[in-house]
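J.: Quick one: structure below, then a few questions.
The values are calculated or read from the model by the stated rules, or taken from the named source; none is laboratory data. Every value quoted in this text rests on a predicted model; they were computed, and no experiment measured them. Here the Cβ is made from the backbone with ideal geometry for all residues, glycine too, and neighbour counts use every protein chain on show. The accessibility values were calculated without ligands, DNA or RNA, using every heavy atom of the protein model including side chains. Shrake-Rupley method; radii C 1.70, N 1.55, O 1.52, S 1.80 Å.
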Amino acid sequence: MGNYKTNIRITLFLVTSLLIGTALGVMLERAALRDAYTEARQGDKLTWALSQIEERYVDPIDRDSLAELAVPVLLQELDPHSVYIPASEFAATNEPLTGTFDGIGVMFNMLTDTVQITNVISGGPSAAAGIVAGDRIITVDDSTIAGVKMDQDKVVGMLRGTRGSTVKLGILRSPATDLLPVTVTRGAIPIKSLEAAFIVPGNPEVGYVKFGRFAATTYSEVLAALMQLREQGARKVILDLRGNGGGYLDQAIYIANEFLPKGRKIVYTEGYASPRADQDADGRGQFQDIGLAVVIDENSASASEIVAGAIQDNDRGVIVGRRSFGKGLVQEQIGYPLDGSAMRLTVARYYTPVGRSIQKPYTPGDGEDYNGELIRRFDHDEMFNIDSIRLADSLKFVTPGGKIVYGGGGIMPDVFVPIDTTGVTPYFSKLFQKNLIFRYAQRTTDRYRKQVNAIRSLDELDRFFADKNLFYDFVAFADREGVHPTETEMTLSRPLITAQIKGYIGRNTSLDETAFYYYIFPQDSTLVRTVRALGGSPAPRQ
């Protein structure tokens, strides 16, 4: 009897334990589901999904790897300009805007599979080591890079490195045939925004300034160029922003401020989490009374459009060229401290002084359609015919001076200039395809290397070209390369070919891009039209 009672007790205990355990399991599972539901309701579905994948997926999963895949997709679903920057790409992505990089301080091209130095940055590491323009780099740290069809990016990677580190170069300097060993200590190399600044040929009162980005040093570079041009007699200025995709907002504000009277609005920004912020001219600009033209095209975007919009909306100058890109969104770069990655998140829209948003339409997540908009402009003949441009009356604004301007898709210039194909004959196209003009310029530079390296001014460069019949010498060179012109093609293309030859040779001097644009200027129909809009008369095409 005792055993029977004992067995009953044990059985009841086991059943009770089982029931309690089951109830406890149900309670715990319900609590977990309730917590997950609460977490989801709080809006952290992304964290919830990542946790479930990490804990339950059939194979091991690294959460950071998932995030690297998920974050870029998340951002691209917001707008076309919010982007993720992986840690591995952070330095290269930000380098064009920071103003410096670490390297040896040379510019080069890969002509005939050999690194030929076209320019040495004054005061840089290579100049200190005795390297000169025209030198060819054959080896880098005992690795041969000439004649092996090495990718240019790989060459750049070998020449760049940590500041203070050294690189051993094997230099070939004509007419010597033995390699010259040179050790260069890498240093900080400035990245210049300013591409060219000079007095326009035939117009001593008109200055020309071109810059390719709005980086950390852009304002100081442009201001110095403007002051120098004024000292040289400029009373009117052309700001060439074609191809300038933008950069730092503050640099655009500083530059626009130089031309506007006190109290004139430059731009204002506003976003869901960013209260409206107005930027007005402070009256301290040093060029408020100078004649002004701003040149734009379909690749002028963001900060370029802020400058052009501020000038146009304040009736301060003339805008010349073609309709700009249409980027009216402001990004803030937000760093992720754990691995060095970052995202550029759109935080506001910017508006021109009269209230225009010039952001062109986009569908979130459809970057292909957005980026293809410029191609559609070509297809619709907008690049060649102003009548092909359609502007919405609902986005019409009026400046204080009574000029009608439009929002919703870039800055429409006051003076439209179509793409110019003058001189682009079948002969010129063949020369371009074979890169013969550039190759001839490099060969001619080598022939006169000592003289070219000694040139320090545009006047000296003009004198260098004065006694040289470059065009017919080039025609003979191209003929040997199998490209033959008709008499008509020679006549039509001669001005453009001659200008490019001089520009490419000039680029190999210390004048760099200034020399190139100086000789191209008279062949550029947009710049010719801009000078006329300022009341000048540029030198005719030759």
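J.: Among the residues of segment 456-471, write down those that are open to solvent by 80 Å² or more (accessible area, probe 1.4 Å), in a helix (DSSP H, G or I) and over 21 Å from Asn119 (Cβ atoms).
T.: Matches in segment 456-471: Ala466 only.
J.: Moving to a separate point now. Among the strands (runs of 3 or more DSSP E) contained in segment 100-202, which hold 3 or more residues that are out of contact with any Cys (no Cβ under 6 Å at 6 or more places or on another chain) and within 30 Å of Ile255 (Cβ to Cβ)?
T.: Numbers: elements: 100-103, 106-109, 115-120, 136-140, 166-172, 180-185, 187-190, 194-199.
It comes to 100-103, 115-120, 187-190, 194-199.
J.: Another one. Looking for something out of contact with any strand residue (DSSP E or B) (no Cβ under 6 Å at 6 or more places or on another chain), in a helix (DSSP H, G or I) and surrounded by fewer than 19 Cβ atoms within 10 Å (Cβ to Cβ) - is there at least one such residue anywhere in segment 210-222?
T.: yes
J.: Moving on to the next point. Is it the case that Asp141 is buried (at least 17 other Cβ atoms within 10 Å of the Cβ) and either among the polar types (S, T, N, Q) or out of contact with any His (no Cβ under 7 Å at 6 or more places or on another chain) (or both)? Before the answer, list the steps.
T.: Working: buried (at least 17 other Cβ atoms within 10 Å of the Cβ): no; either among the polar types (S, T, N, Q) or out of contact with any His (no Cβ under 7 Å at 6 or more places or on another chain) (or both): yes.
Criteria not met by Asp141.
J.: OK, next. Go through (1) open to solvent by 30 Å² or more (accessible area, probe 1.4 Å); (2) assigned to a loop (DSSP other than H, G, I, E, B); (3) under 22 Å from Val405 (Cα atoms); (4) not basic (Lys, Arg) and name the single condition Gln279 misses.
T.: Unmet condition: (2).
J.: Return yes or no: is Phe428 open to solvent by less than 40 Å² (accessible area, probe 1.4 Å), at pLDDT 95 or above, over 31 Å from the mean Cα position of the chain (by Cα) and closer than 29 Å to Val295 by Cβ?
T.: Numbers: open to solvent by less than 40 Å² (accessible area, probe 1.4 Å): yes; at pLDDT 95 or above: yes; over 31 Å from the mean Cα position of the chain (by Cα): no; closer than 29 Å to Val295 by Cβ: yes.
For Phe428, the condition - open to solvent by less than 40 Å² (accessible area, probe 1.4 Å), at pLDDT 95 or above, over 31 Å from the mean Cα position of the chain (by Cα) and closer than 29 Å to Val295 by Cβ - is not met.
J.: Take segment 282-300 and flag every residue that is under 17 Å from Ser357 (Cα atoms) and either buried (at least 24 other Cβ atoms within 10 Å of the Cβ) or among the hydroxyl-bearing types (Ser, Thr, Tyr) (or both).
T.: Taking segment 282-300 first, the residues under 17 Å from Ser357 (Cα atoms) are 298, 300.
Matches in segment 282-300: Ser300 only.
J.: Pick from Ala196, Ala188: which is touching a Lys or Arg at 6+ places or on another chain (Cβ under 8 Å), touching a residue at least 12 places away in the same chain (Cβ under 8 Å), crowded, with 21+ Cβ neighbours inside 10 Å and not acidic (Asp, Glu)?
T.: Residue meeting the stated conditions: Ala196.
J.: In this structure, is Ile238 closer than 24 Å to Asp512 by Cα, open to solvent by 30 Å² or more (accessible area, probe 1.4 Å) and either at pLDDT 95 or above or touching a helix residue (DSSP H, G or I) at 6+ places or on another chain (Cβ under 7 Å) (or both)?
T.: Values: closer than 24 Å to Asp512 by Cα: yes; open to solvent by 30 Å² or more (accessible area, probe 1.4 Å): no; either at pLDDT 95 or above or touching a helix residue (DSSP H, G or I) at 6+ places or on another chain (Cβ under 7 Å) (or both): yes.
The answer is no for Ile238.
J.: Determine which single condition Gly482 fails, assuming it passes every other condition in (1) assigned to a helix (DSSP H, G or I); (2) farther than 28 Å from Val200 by Cβ.
T.: Condition (1) is where Gly482 drops out.
J.: For residues that are within 26 Å of Phe416 (Cα to Cα) and not in a helix (DSSP H, G or I), tally how many sit in segment 492-542.
T.: Total satisfying the criteria: 10.
Per-residue answers, yes or no, for (1) assigned to a loop (DSSP other than H, G, I, E, B); (2) on the phi > 0 side of the Ramachandran plot:
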position	(1), (2)
Glu270	no, no
Phe287	yes, no
Gly309	no, no
Gly365	yes, yes
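J.: I've got another one for you. Only one of (1) in contact (Cβ under 8 Å) with a residue 60 or more places away in the chain; (2) of a type in the set (D, E, K, R); (3) more than 18 Å from Ile358 (Cα to Cα); (4) part of a loop (DSSP other than H, G, I, E, B) is not met by Asp315, so which one is it?
T.: Looking at each condition in turn, Asp315 falls short on (3).
J.: Continuing with the same structure: Which of (1) assigned to a loop (DSSP other than H, G, I, E, B); (2) at pLDDT 95 or above; (3) closer than 26 Å to Ile419 by Cβ is the odd one out, the single condition Val354 does not satisfy?
T.: Of the numbered conditions (1) assigned to a loop (DSSP other than H, G, I, E, B); (2) at pLDDT 95 or above; (3) closer than 26 Å to Ile419 by Cβ, the odd one out for Val354 is (3).
J.: If you go through segment 438-452 one residue at a time, do you hit one that is touching a Lys or Arg at 6+ places or on another chain (Cβ under 7 Å) and of a type outside the set (D, E, K, R)?
T.: Kept after step one, since they are touching a Lys or Arg at 6+ places or on another chain (Cβ under 7 Å), are these residues of segment 438-452: none.
No, the conditions are met nowhere in segment 438-452.
J.: Considering each of Asn385, Asn371 in turn, give the residue that is open to solvent by 30 Å² or more (accessible area, probe 1.4 Å) and closer than 21 Å to Val83 by Cβ.
T.: Numbers: Asn385 fails: closer than 21 Å to Val83 by Cβ.
When all the criteria are applied, what remains is Asn371.
Let's see how each residue does on (1) more than 26 Å from the chain's Cα centre (by Cα); (2) among the polar types (S, T, N, Q); (3) crowded, with 20+ Cβ neighbours inside 10 Å:
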position	(1), (2), (3)
Ala476	yes, no, no
Arg480	yes, no, no
Thr488	yes, yes, no
Thr491	yes, yes, no
Gln500	no, yes, yes
Arg507	no, no, yes
Tyr517	no, no, yes
Thr530	no, yes, yes
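J.: Tell me whether segment 103-124 contains one or more residues that are among the aromatic types (Phe, Trp, Tyr), at pLDDT 85 or above and open to solvent by less than 80 Å² (accessible area, probe 1.4 Å). Quick ask: steps written out before the conclusion?
T.: Here is the first cut: in segment 103-124, the ones among the aromatic types (Phe, Trp, Tyr) are 108.
In the following step, the residues that additionally are at pLDDT 85 or above were identified as 108.
Checking which are open to solvent by less than 80 Å² (accessible area, probe 1.4 Å) leaves us with 108.
For segment 103-124, residues among the aromatic types (Phe, Trp, Tyr), at pLDDT 85 or above and open to solvent by less than 80 Å² (accessible area, probe 1.4 Å): present.
This table checks each residue for (1) more than 30 Å from Lys502 (Cβ to Cβ); (2) part of a loop (DSSP other than H, G, I, E, B).
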{"residue": "Tyr362", "(1), (2)": "yes, yes"}
{"residue": "Ser394", "(1), (2)": "yes, no"}
{"residue": "Phe397", "(1), (2)": "yes, no"}
{"residue": "Gly408", "(1), (2)": "yes, yes"}
{"residue": "Asp420", "(1), (2)": "no, yes"}
{"residue": "Ser429", "(1), (2)": "no, no"}
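J.: Also: Can you say whether Glu68 is at pLDDT 85 or above and either open to solvent by 90 Å² or more (accessible area, probe 1.4 Å) or over 30 Å from Tyr219 (Cα atoms) (or both), as far as the supplied structure shows?
T.: On the way: at pLDDT 85 or above: yes; either open to solvent by 90 Å² or more (accessible area, probe 1.4 Å) or over 30 Å from Tyr219 (Cα atoms) (or both): yes.
When the stated conditions are applied, Glu68 passes them.
J.: On to the next question. Here is a check on your reading of the model: is Val267 closer than 30 Å to Ala91 by Cα, out of contact with any His (no Cβ under 6 Å at 6 or more places or on another chain), surrounded by 24 or more Cβ atoms within 10 Å (Cβ to Cβ) and β-branched (Val, Ile, Thr)? Step through it out loud before you land on a result.
T.: Values: closer than 30 Å to Ala91 by Cα: yes; out of contact with any His (no Cβ under 6 Å at 6 or more places or on another chain): yes; surrounded by 24 or more Cβ atoms within 10 Å (Cβ to Cβ): yes; β-branched (Val, Ile, Thr): yes.
Yes.
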